[in-house]
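Beneath this line is the structure, given in structure tokens, with notes to follow.
The values are calculated or read from the model by the stated rules, or taken from the named source; none is laboratory data. It should be emphasised that the depicted structure is a prediction, and the values quoted were computed from it without experimental measurement. A quick note on method: Cβ atoms are made from the backbone with ideal geometry, for glycine too, and the neighbour counts reach across all protein chains shown.
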Amino acid sequence: MLYSVRMRSAQGGAHEKGGKHISGAERIVADTALDKNVLAMVHRATSHSRGRADFISIKIEEIHRENIQYHPLLPVTFCEAGNVQEGRRVAQEELMRAGVDKIAVEKGFHHILALKDSMRGAMLLDATTGERMDTLESRGVRVTKMDIEAAETYEKTLAAQGLVGEHVREALVLASKVASCQNVVAELCWSDDPYYVTGYVGSKKFGYQRIPIMKERGNAVGGRIFFLKPDSDMEETIKYLEEQVVLIKGQEERTYVAK
Ligand code: AMP
């Protein structure tokens with residue numbers, strides 16, 4: 001039996017009561033690994049570098065196999081950047097190469113840089129105008145119900161490329177689900193963990209483009225933007241991102257891609 005496990009945590013009360021977002025996590029796990037994963041999420045919420053959560057919500061739902069879609073893991077490429085300015089310039093160029101208009105790229109950066117504190121989800125922007133398309137304000141759209149199908153092989157493959165730690169493990173799975181959404185042109189992300197300065201641009205066209213530095217060390221504000229095709233149906237897009245169960249297949253075990 002499989003379960004979707006989702007955690008969100010905040011400090012100063014629940015998110016909806018104005019609490020500051022601390023951390024979140026989403027996994028799809030077998031019943032035999034449920035307790036271990038729930039415990040790890042509690043630990044993460046109470047020992048995060050953004051602060052100690054005093055509100056933790058954990059949601060566990062059984063997954064029916066017939067509802068699972070399978071999508072491929074995005075290939076990883078490594079971009080070069082020696083400082084924040086270079087990192088952001090690379091991200092801007094790659095977003096435009098993936099099909100996001102310059103004005104939308106500029107507005108996307110402005111949106112993240114204008115945040116006083118991190119959101120718990122992502123902003124959806126029109127890839128041609130940069131206008132915000134969702135109405136979820138500071139909550140944003142939280143991508144959930146996804147995981148890697150074969151965790152052990154995945155972790156080994158990542159480690160062989162020098163990619164270790166939870167950040168990249170989770171971000172690559174999330175980016176792969178986001179890129180599988182038919183309305184998404186590209187994604188921009190950098191972390192809200194003050195000690196993790198790496199970011200990425202994700203797209204179906206060019207995969208997961210890892211950028212070594214996107215913000216100054218110690219800065220606890222990060223964000224995510226999904227740039228969408230201008231005529232995207234919001235209800236359908238948000239439903240896919242928040243509710244469709246997706247398992248990501250690594251390169252080796254990729255045999256079937258659900259449409
Ligand atoms: P992280 O990469 O986990 O440090 O998150 C960076 C930012 O991405 C957060 O501040 C949120 O705004 C956003 N984010 C994190 N997790 C998700 C998610 N599952 N779905 C959508 N946006 C997310």
Inset, instruction - For Leu188, state whether it is within 15 Å of the ligand (Cβ to nearest atom), on the phi < 0 side of the Ramachandran plot and part of a strand (DSSP E or B). - result: yes
Legend entry - Verdict on Ser23 being within 11 Å of the ligand (Cβ to nearest atom) and either modelled with pLDDT under 95 or of a type in the set (Gly, Ala, Ser) (or both): yes
Inset, instruction - Answer with yes or no whether Lys239 is closer than 30 Å to Glu66 by Cβ, modelled with pLDDT of 95 or more, of a type in the set (Lys, Arg) and crowded, with 16+ Cβ neighbours inside 10 Å. - result: no
Inset, instruction - Search the range 192-211 for residues being polar (S, T, N, Q) and surrounded by 23 or more Cβ atoms within 10 Å (Cβ to Cβ), and hand back the single one that is farthest from Ala91 (Cα to Cα). - result: Ser203
Inset, instruction - Looking only at the range 23-38, decide whether some residue is out of contact with any Gly (no Cβ under 6 Å at 6 or more places or on another chain), among the hydroxyl-bearing types (Ser, Thr, Tyr) and surrounded by 17 or more Cβ atoms within 10 Å (Cβ to Cβ). - result: yes
Inset, instruction - Output the residues belonging to the range 191-240 that are assigned to a loop (DSSP other than H, G, I, E, B), charged (D, E, K, R) and more than 23 Å from Ala10 (Cβ to Cβ). - result: Lys204, Lys205, Glu216, Arg217, Lys229, Asp231, Asp233
Inset, instruction - Among the residues of the range 156-168, count how many are assigned to a helix (DSSP H, G or I) and away from the ligand (no atom under 11 Å from the Cβ). - result: 5
Legend entry - the range 6-25 residues that are outside any strand (DSSP E or B), paired with ones that are near the ligand (Cβ under 10 Å from one of its atoms) (beta carbon under 6 Å, 6 or more apart): His15/Arg120
Legend entry - Every pair of residues 6+ apart whose Cβ atoms lie under 8 Å, when the first sits in the range 172-197 and is within 15 Å of Phe227 (Cα to Cα) while the second is within 11 Å of the ligand (Cβ to nearest atom) and among the acidic types (Asp, Glu): Ala175/Glu187; Val178/Glu187; Ala179/Glu187
Legend entry - Selected residue (criterion: farthest from Arg89 (Cα to Cα)) from residues of the range 212-249 that are within 13 Å of the ligand (Cβ to nearest atom) and β-branched (Val, Ile, Thr): Val246
Legend entry - The one condition in (1) among the hydrophobic types (A, V, I, L, M, F, W, C); (2) within 28 Å of Gly51 (Cβ to Cβ); (3) buried (at least 17 other Cβ atoms within 10 Å of the Cβ) that Val105 fails to fulfil: (2)
Inset, instruction - Examine the range 59-70 for a residue that is closer than 26 Å to Glu155 by Cβ, under 18 Å from the mean Cα position of the chain (by Cα) and crowded, with 19+ Cβ neighbours inside 10 Å, and state whether such a residue exists. - result: no
Legend entry - Extreme residue, nearest to the ligand (Cβ to nearest atom), among residues of the range 116-155 that are of a type in the set (Asp, Glu) and part of a loop (DSSP other than H, G, I, E, B): Asp117
